[in-house]
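What follows is a set of notes on a single structure, which appears directly below.
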Amino acid sequence: MGPPLVEGLFYFFKIPMRFVFYLLLLLPFSCFSQNTVGLISLLDGFSIGGYNLIYPENQSTVFLLNECGEIVHTWEDHPDNRPGKTAYLLPNGNLLRSKIDVEKMTEPTIGTGGGGGVIELLTWNNETQWCYVLADEDTRQHHDIHYMENGHVLLIAWERIGFDEMLENGFDSTANMQDSYWPDFIRELNPVTNDTVWEWHAWDHLVQDYDSTRLNFGTVSDHPELIDINYNEYSAGRPDWMHSNAIDYDPVKDQIVLSVRNFNEIWIIDHSTTTGEAAGHTGGNSGKGGDLLFRWGNPKAYKRGATSDRQLFLQHDAQWIDDFVDPDYEFYGHIALYNNFINGNTSLGQVLSPVWDSLSNSYLQTDGLFLPTGFSRTFSHPDTSKNLSGIASSIQIMGDGHVIFCAANQGFLFELTPEDNVVWQYRTPIKLGYPIEQGTILNPGNNVTFQLERYPENFSGLLGKDLSAKGFIELNPNTSFCLFTDVEEIKAENDLNIFPNPAGGYLFIENNKGSVIEITVFNSLGRTMLAPTIISGTEKLDVTKWPDGIYFLKEKNKNKINRFVVSK
């Protein structure tokens, strides 16, 4: 059994039921042809469902896809424009996106990974409602944006700091040869008035222990709320000092979370401040102005640890778990993130659970380090190579714990159930900006997809919209790969009754046909768990020693299959 079959048909919990269960069991396994791009697998009925929004690199279109990988809507743009880097569907059906616009960005600006410069608000019909340009010789929007409940938009941007100002603030020019810095700032915009209503600048919250005659001198390890201007372990030689790549907002605590890649840290700041207070060290709900309320992932960044103490590795997409999530989900309100480059060869989705004390309005620490000491939960594809991406990438948690992954460098998207079973897989069918034919083999970097956003079928922004299939991104698509099969019809035709399902101790297989039936049971890796067995009445099967998971019962000479779950 070759690798394509393992990936497409018998990998744990990945059998594409809509096609394989009902049709392909007629074929010998050796004849099975697996998709290489677009939809790779779908286990309908176990996926949480919904629609997938992607904005692949090296091209200009935002795509909304159904679970089969069919296009249901697009927002097209000038073919020379590029993502900058994110797009989001809003509750009213509008689209918010950031991009690089060749016509609107006319001034010279910093050029480095993640750069955008233009933010647009578009209607469902691709009409521009608002456009904001932030790209000049001193500033540039980059990476992520966030739509707030009040209709405002948060953005991350770089701002240029000259060499003299760097020296004045305690920069050690003997250890770092850079002649300019581009630290990050956050801006909140009102699209109705185009006004800036709030700002926060990292440059206002510095500390240094290099030169006592300069500003910000102090003991770095005593001030985790401040940012060491001379920490550059992962940014040396880069003007992009922080490289923040994700932003999210918590309306309950009125706080903002940033993923600061070059510090290998997650930061939280107080948004309840005024812009003036955000520039200082007092004010706001926590009384600390714009100083960091929380930082986690790399204590060496504030001289409280060594390189070996690092727990974040060029992470992306840090966000509070609160959108499309059941309120009773165990990690509701915690932080999900994509930990990109663990040990240089592993990427994982993880949950971080900061410890908030509502009495003191502060995040708790122990021995000068913010809690917790480790992650609350880790997620991965069973084949960990499917997660690997040293750049970009996203994670989203929905419902009762379904996890939606995007491994950016592979353009590989997949969904896990709360039990960590794979139920949907998709590979972006674009190579260096151009659609490719089904069957094409892609290499890492060919189809970079910065992130995936999944929207439930009942999302308000989709209600009343035309979501009919309008073809595929890929050329020469395999249109029969995702045929919709009515599960209830299959059950009605079945000659077998399997109970209980899930089974914990014994499974009963009841033959209702009136004549003998030969059955075989496979596990999700395609291994035989029950050799061909004749059933004439009711068979009692001991599954107490079987691993928890999905199993498949096949009747001889029948193009149908029965699923059952073992869960103890």
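Evaluation of Glu137 against the conditions (1) over 15 Å from Tyr181 (Cα atoms); (2) open to solvent by 20 Å² or more (accessible area, probe 1.4 Å) shows that the sole unmet condition is (1). Taking the numbered list (1) over 30 Å from Asp309 (Cα atoms); (2) open to solvent by 10 Å² or more (accessible area, probe 1.4 Å); (3) outside any loop (DSSP other than H, G, I, E, B) in turn, Thr378 passes all entries but (1).
Exactly one residue out of Gly399, Gly445 is free of Cβ contacts under 8 Å to residues at least 40 places away in the same chain and either over 22 Å from Asn478 (Cα atoms) or in contact with a strand residue (DSSP E or B) (Cβ under 6 Å, 6 or more places away or on another chain) (or both): that is Gly445. For region 153-180, the set of residues classified as closer than 19 Å to Thr109 by Cβ, modelled with pLDDT under 95 and crowded, with 16+ Cβ neighbours inside 10 Å consists of Gln178 only.
Which strands (runs of 3 or more DSSP E) does region 517-568 wholly contain that include 3 or more residues that are in contact with a strand residue (DSSP E or B) (Cβ under 8 Å, 6 or more places away or on another chain) and surrounded by 13 or more Cβ atoms within 10 Å (Cβ to Cβ)?
Details: elements: 517-523, 528-535, 538-542, 549-555, 561-566.
The qualifying strands (runs of 3 or more DSSP E) are 517-523, 528-535, 549-555, 561-566.
Within region 208-228, restricting attention to residues that are acidic (Asp, Glu) and surrounded by 15 or more Cβ atoms within 10 Å (Cβ to Cβ), the residue that is nearest to Ser173 (Cα to Cα) is Asp211. May I ask you to verify whether Glu419 is open to solvent by 30 Å² or more (accessible area, probe 1.4 Å) and either in a loop (DSSP other than H, G, I, E, B) or touching a residue at least 24 places away in the same chain (Cβ under 8 Å) (or both)? Considered against the rule, which asks whether it is open to solvent by 30 Å² or more (accessible area, probe 1.4 Å) and either in a loop (DSSP other than H, G, I, E, B) or touching a residue at least 24 places away in the same chain (Cβ under 8 Å) (or both), Glu419 comes out as yes.
From the list Asn478, Asn447, Asn557, Asn501, which one is modelled with pLDDT under 85, out of contact with any Phe, Trp or Tyr (no Cβ under 6 Å at 6 or more places or on another chain) and not charged (D, E, K, R)? Explain how you work it out, then say what you get.
Values: Asn478 fails: modelled with pLDDT under 85; Asn447 fails: modelled with pLDDT under 85; Asn501 fails: out of contact with any Phe, Trp or Tyr (no Cβ under 6 Å at 6 or more places or on another chain).
Just one listed residue meets the conditions, Asn557.
For Ser389, the conditions (1) outside any strand (DSSP E or B); (2) in contact with a strand residue (DSSP E or B) (Cβ under 6 Å, 6 or more places away or on another chain); (3) open to solvent by 10 Å² or more (accessible area, probe 1.4 Å) are fulfilled apart from (3). Among the residues of region 91-148, the ones that are β-branched (Val, Ile, Thr), within 19 Å of Ala202 (Cα to Cα) and assigned to a strand (DSSP E or B) come to 2 in all.
In this structure, is Thr346 modelled with pLDDT of 95 or more, farther than 27 Å from Gly399 by Cα, hydroxyl-bearing (Ser, Thr, Tyr) and surrounded by fewer than 24 Cβ atoms within 10 Å (Cβ to Cβ)?
Considered against the rule, which asks whether it is modelled with pLDDT of 95 or more, farther than 27 Å from Gly399 by Cα, hydroxyl-bearing (Ser, Thr, Tyr) and surrounded by fewer than 24 Cβ atoms within 10 Å (Cβ to Cβ), Thr346 comes out as no.
The values are calculated or read from the model by the stated rules, or taken from the named source; none is laboratory data. Being a predicted model, the structure only gives us computed values, none of them experimental. Note that each Cβ is placed from the backbone with ideal geometry, even for glycine, and that neighbours are counted across all protein chains shown. When the accessible area is computed, the model is the full protein with side chains, heavy atoms only, and any ligands, DNA or RNA have been set aside. Shrake-Rupley method; radii C 1.70, N 1.55, O 1.52, S 1.80 Å.
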